[in-house]
Amino acid sequence: MVYQQPPNKAKKKTGLYIIGGALAVLALGFFVLTKVNADASNLPGAIAPILIIGGYITMAVGILIGWDE
């Protein structure tokens, strides 16, 4: 019995790129969160939660897409 290696296929790294983008969006969201005033009535108070939640959703999409190693 001879072991045969599977044919080489192109590596799919789309999921990793999406997760990397999600981490960048999360970092940006937490940075914008530091600019929010006490009652969150300024523009960063409206943008920061959208960036943070969007980053987490994007990360879930990247995990669901997956990647080949």
>> Looking at D68 and the list (1) out of contact with any Phe, Trp or Tyr (no Cβ under 9 Å at 6 or more places or on another chain); (2) at pLDDT 90 or above, which single condition is not satisfied?
In response: (2)
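Listed residues N8, N42; which is among the polar types (S, T, N, Q) and at pLDDT 90 or above? Step through it out loud before you land on a result.
Values: N8 fails: at pLDDT 90 or above.
Result: N42 is the single residue among N8, N42 that is among the polar types (S, T, N, Q) and at pLDDT 90 or above.
Suppose we filter I18, I57, I63 for residues that are among the hydrophobic types (A, V, I, L, M, F, W, C), at pLDDT 95 or above and out of contact with any strand residue (DSSP E or B) (no Cβ under 8 Å at 6 or more places or on another chain); which single one remains? Before you say what the answer is, go through the steps one by one.
Values: I18 fails: at pLDDT 95 or above; I63 fails: at pLDDT 95 or above.
The unique qualifying residue is I57.
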>> Could you check the stretch 45-54 and list, in sequence order, the residues that are under 13 Å from F31 (Cα atoms) and among the small types (G, A, S)?
In response: G45, A48
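The values are calculated or read from the model by the stated rules, or taken from the named source; none is laboratory data. All figures in this text were calculated on a predicted structure; none of them were measured in a lab. Every residue, glycine among them, receives a Cβ derived from its backbone with ideal geometry; neighbour counts consider all protein chains shown.
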